[in-house]
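Colleague: The structure is given below, and queries will be raised subsequently.
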Amino acid sequence: MSEAAVVEARSEKLVLFPRLGSLLAIAPLGTWVVWHLWQNLYAWRGDGAWSEHVVSTSITSEGRVYTGNPIAATAVSVLVFAPLLVHLVWGMRRISMAKPNGYKFFGNVKYVLQRLSAVGVLGFLAAHVYLARISPALHQPTGHESFEDLAAHMAHHPPTLVVYLLGVLGTAFHLANGLYTAAFIHGLAASPKAQRRMQAFSLAFFVLMLGVGWGAVAGLFQQGAAFVPPVD
């Protein structure tokens, strides 16, 4: 293979990986995040509605019964966590390569916040997955964190409330600004006019996702007032 062919192959690889990483971050990851935040708004309707739509659990006279399809749940987990792993590897590489650039002040602020939010969201997701899925799977028959436990912590344990508020903030910003960045990677914002449109869309999307996410947190907080404060 000639030197020119080697350079061209490397260039294609350098272009392909960022496109793949951004694409996986939008679908299915971004789509799932939007859906998950929206589903959590059922917290305003109480335990029964939230459990049915978020963790596929119905409350019966015999207790809580899982009503979801295990195969479908496993498929969803694979479709979410596999792209998340790829995006994580890609994102950590980008953070390690971060350096001063020629962006304007606003662009540099977003550049820094995108990378800081990535680290914060990673920590938030790790804690959320452990508390919502891993720990309950080891100690509860349903395998999911209960509505009562989550809502009670939200209302009576200030650190939990703060972590979720900041976690949702970081997630909303990272996803919204990621859409703006993806537009560049995929050639959808090549002109100044297209960039302004994407910037406006990104800001509107951020506000919408933040409103939905904090609305869900508010619902859990409001419902949690009726529960006994958690022991821990």
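The values are calculated or read from the model by the stated rules, or taken from the named source; none is laboratory data. These figures come from a predicted structure and were not determined experimentally. Cβ coordinates were reconstructed from backbone atoms using ideal geometry, including for glycine residues, and neighbour counts include every protein chain displayed.
Colleague: Tell me, yes or no, whether segment 217-229 has at least one residue that is at pLDDT 95 or above, touching a Gly at 6+ places or on another chain (Cβ under 8 Å) and more than 26 Å from His87 (Cβ to Cβ).
Modeller: Scanning segment 217-229, I find at least one residue that is at pLDDT 95 or above, touching a Gly at 6+ places or on another chain (Cβ under 8 Å) and more than 26 Å from His87 (Cβ to Cβ), so the answer is yes.
Colleague: Tally up the residues in segment 53-70 that are surrounded by 15 or more Cβ atoms within 10 Å (Cβ to Cβ) and of a type in the set (Ser, Thr, Tyr), please.
Modeller: Total satisfying the criteria: 3.
Colleague: Just to be sure I understand the filter: pairs with C-beta atoms under 6 Å, separated by 6 or more residues or on different chains, first member in segment 33-61 and under 18 Å from Val129 (Cα atoms), second member among the aromatic types (Phe, Trp, Tyr). Which pairs pass?
Modeller: Trp50/Tyr42; Trp50/Phe147; Ser51/Phe147; His53/Tyr42; Thr57/Tyr66
Colleague: In segment 42-52, which residue that is surrounded by fewer than 19 Cβ atoms within 10 Å (Cβ to Cβ) and not acidic (Asp, Glu) is farthest from Thr67 (Cα to Cα)?
Modeller: Filtering first and then ranking leaves Trp44.
Colleague: Let me ask you something else. Out of everything in segment 147-182 that is of a type in the set (Gly, Ala, Ser) and at pLDDT below 90, what residue ends up being farthest from Ser51 (Cα to Cα)?
Modeller: The selected residue is Ala182.
Colleague: Next question. Among the candidates Tyr130, Tyr66, single out the residue that is hydroxyl-bearing (Ser, Thr, Tyr) and at pLDDT below 85.
Modeller: It is Tyr66.
Colleague: Which number in (1) more than 15 Å from the chain's Cα centre (by Cα); (2) in contact (Cβ under 8 Å) with a residue 40 or more places away in the chain; (3) closer than 24 Å to His153 by Cβ marks the one condition that Gly68 misses?
Modeller: Result: Gly68 passes all but (2).
Colleague: Then there's this: Pairs please, first residue from segment 199-226 and free of Cβ contacts under 8 Å to residues at least 40 places away in the same chain, second anywhere and surrounded by 15 or more Cβ atoms within 10 Å (Cβ to Cβ) and of a type outside the set (A, V, I, L, M), Cβ atoms under 7 Å, 6+ apart in sequence or on different chains.
Modeller: Hits for this filter: Gln199/Tyr180; Ser202/Asn177; Ser202/Tyr180; Phe206/Phe173.
Colleague: A further question on this structure: Go over the candidates Val217, Val163 one by one and state the one that is under 17 Å from Tyr42 (Cα atoms) and either hydrophobic (A, V, I, L, M, F, W, C) or part of a helix (DSSP H, G or I) (or both).
Modeller: The match here is Val217.
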